[in-house]
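Report on the following structure.
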Amino acid sequence: MQNITPGSRERVLVVGAGIGGVATAVALAQQGFEVDVVEITESTRQSIFGVGIIQPSNALRALDVIGAKDACLEIGFAAPAWGRKEDAQGNVLFEMPGAPIEGYPPMNGVTRPELHRILLERAAQEGVAVRYSTTFTSIDDRAESVRVEFSDGSAADYAVVVGADGVGSTVREQVLHAELRPTYIGQSAFRVNIPRLPGIDRIILQEGEAGMAGVVPIGPELAYFFLNVPWPDRSVRPTREELPGLLRGYLAEFGGLTGEIRDHHIHDDSDIVLRPEEGMIAPAPWHTGRVVLIGDAVHAVPPHLGQGAAQAIEDGVVLAEELAAADLASGASVAAALASYTERRYERCKLIVETCIGIGRYEIGTDPAFDHVGETQRTMEAMVAPL
Ligand SMILES: Cc1cc2nc3c(=O)[nH]c(=O)nc-3n(C[C@H](O)[C@H](O)[C@H](O)COP(=O)(O)OP(=O)(O)OC[C@H]3O[C@@H](n4cnc5c(N)ncnc54)[C@H](O)[C@@H]3O)c2cc1C
């Protein structure tokens, strides 16, 4: 067992090797901390769900800080504009320029496994060790440090423990002392990878009676297709074999690009994902003592603006900045740094969560008055503000 030595490189534990956890580990290591990461699954592949990740400009700016932006742009698809909205037949309704940050494209699309690979490579370069098939069995905040016992029988002392264990976080119980669960918004999303067909050079939405369809480029040759539909009872889960026929049925009314995708790119053996959409913003503060939360553990962001991972990465960058300026030997200094981290993050994350929930409710017809166009633009513009 190792103890913290004041004045030496301080040791930080990150629980969870998702997008937020690995990005945070890199940001902390860049600031000179010695970082351990534990991940409960055997490999991050097991915890990767879904198909692609939209990276808005603010995500790219945060990835730039941790040295991962260029690799994302190299393997992804950088769009010349955020997107376009069409009707169900493919007639253009309006263009969506987005809110780009100078020096970054309005959005880049990547696959989730590639993003993970890039982040893990950066972590390895920074000397961060990820221990798989490992979790904590106890976290004991002893004021001067945190004693953590692990499922492999080992134990260690840390200056700070970061809970990056996602939406079902168990570290959260320790920090917030309250049961907190995301709210299901009554909408689920079908997603499937397709070839990047001609014309898919940005997000293209098609609004129909059945729901909001869309395509997102996520590589030079690859895109993903999605359909957000009202789905009142989240416990109803069709089998994998049922999904292609179900999706094609929902898409019956569509023409244009979506009609083409329905007819030629959704096959009986297509690997379709159906995900319930949920939102949550944990009350501040996001820490207690020396234990702090980041990412989906404190803000589950519905996917409508492609901001969930972006916010988790931004959390990591801000947290690392705040801890770098603190004296980790002093509990009061750590508390002040963690309070400052929440203060810098809370309103921004709350805005994103609330806007996405509003868009979801507009799409399923439970809040038809929600100004989804205006609120989308306002929220995207807010993301341009410096961290
Ligand atoms: C369908 C869908 C589409 C999305 N699309 C986008 C998008 O286009 N753009 C975007 O920015 N975001 C998107 N998101 C959101 C994004 O995926 C999440 O916000 C992001 O992955 C959050 O990262 P995280 O590290 O906080 O959590 P996670 O990625 O969930 O990682 C948590 C990790 O912790 C591990 N873990 C859990 N418990 C423990 C434990 N006790 N001990 C150790 N390890 C543990 C898990 O195995 C996992 O690896 C989407 C989400 C969904 C559901």
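The values are calculated or read from the model by the stated rules, or taken from the named source; none is laboratory data. What you see is a predicted model; the values in this text were computed from it and never measured. Counting neighbours? That spans all protein chains shown, and the Cβs are built from the backbone with ideal geometry, glycine included.
Values computed for the structure shown
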read-out: The one condition in (1) surrounded by fewer than 17 Cβ atoms within 10 Å (Cβ to Cβ); (2) under 21 Å from the mean Cα position of the chain (by Cα) that ARG142 fails to fulfil; value: (2)
read-out: Residue identified as out of contact with any His (no Cβ under 7 Å at 6 or more places or on another chain) and farther than 30 Å from GLY208 by Cβ among ALA312, ALA300; value: ALA312
read-out: In segment 85-117, the residues that are under 15 Å from the mean Cα position of the chain (by Cα), more than 16 Å from GLN307 (Cβ to Cβ) and part of a helix (DSSP H, G or I); value: PRO113, GLU114, HIS116
read-out: Segment 335-346 residues that are within 17 Å of VAL12 (Cα to Cα), paired with ones that are assigned to a helix (DSSP H, G or I) (beta carbon under 6 Å, 6 or more apart); value: ALA337/GLU322; ALA337/LEU323; TYR341/VAL318; TYR341/LEU319; TYR341/GLU322
read-out: Unique residue being away from the ligand (no atom under 13 Å from the Cβ) and either in contact with a Lys or Arg (Cβ under 8 Å, 6 or more places away or on another chain) or modelled with pLDDT of 95 or more (or both) when the list is GLU322, GLU363, GLU314; value: GLU322
read-out: Evaluation of SER133 against (1) among the polar types (S, T, N, Q); (2) touching a strand residue (DSSP E or B) at 6+ places or on another chain (Cβ under 6 Å); (3) closer than 30 Å to ARG240 by Cβ (one fails), failing number; value: (2)
read-out: Residue match in segment 195-203 (condition: in contact (Cβ under 8 Å) with a residue 60 or more places away in the chain, touching a Gly at 6+ places or on another chain (Cβ under 6 Å) and buried (at least 19 other Cβ atoms within 10 Å of the Cβ)); value: yes
read-out: HIS265 out of contact with any Ser or Thr (no Cβ under 9 Å at 6 or more places or on another chain) and more than 28 Å from SER57 (Cβ to Cβ); value: yes
read-out: Answer residue from segment 345-366, given it is out of contact with any Pro (no Cβ under 9 Å at 6 or more places or on another chain), of a type outside the set (A, V, I, L, M, F, W, C) and more than 18 Å from LEU205 (Cβ to Cβ) and is surrounded by the fewest Cβ atoms within 10 Å (Cβ to Cβ) among those; value: GLU347
read-out: Those residues of segment 161-180 which are within 13 Å of MET280 (Cα to Cα), near the ligand (Cβ under 9 Å from one of its atoms), in contact (Cβ under 8 Å) with a residue 12 or more places away in the chain and not β-branched (Val, Ile, Thr), in sequence order; value: GLY166, SER169
read-out: Test: residue in segment 124-137 that is under 30 Å from LYS85 (Cα atoms), touching a Ser or Thr at 6+ places or on another chain (Cβ under 9 Å), near the ligand (Cβ under 10 Å from one of its atoms) and not polar (S, T, N, Q); value: no
read-out: Tally of residues being part of a helix (DSSP H, G or I) and more than 24 Å from GLY365 (Cα to Cα) across segment 212-244; value: 1
read-out: Single residue of segment 261-297 satisfying the filter (more than 9 Å from the ligand (Cβ to nearest atom) and among the charged types (D, E, K, R)) that is nearest to LEU176 (Cα to Cα); value: ARG290
read-out: Residue among GLY153, GLY163 that is closer than 25 Å to ALA68 by Cβ and at pLDDT 95 or above; value: GLY163
read-out: Residue tally, condition more than 10 Å from the ligand (Cβ to nearest atom), touching a Phe, Trp or Tyr at 6+ places or on another chain (Cβ under 9 Å) and touching a residue at least 24 places away in the same chain (Cβ under 8 Å), over segment 140-160; value: 6
read-out: Pick from segment 209-240, criterion of a type in the set (Gly, Ala, Ser) and touching a Leu at 6+ places or on another chain (Cβ under 8 Å), ranking: surrounded by the most Cβ atoms within 10 Å (Cβ to Cβ); value: ALA213
read-out: GLU322 within 30 Å of VAL273 (Cα to Cα) and in a helix (DSSP H, G or I); value: no
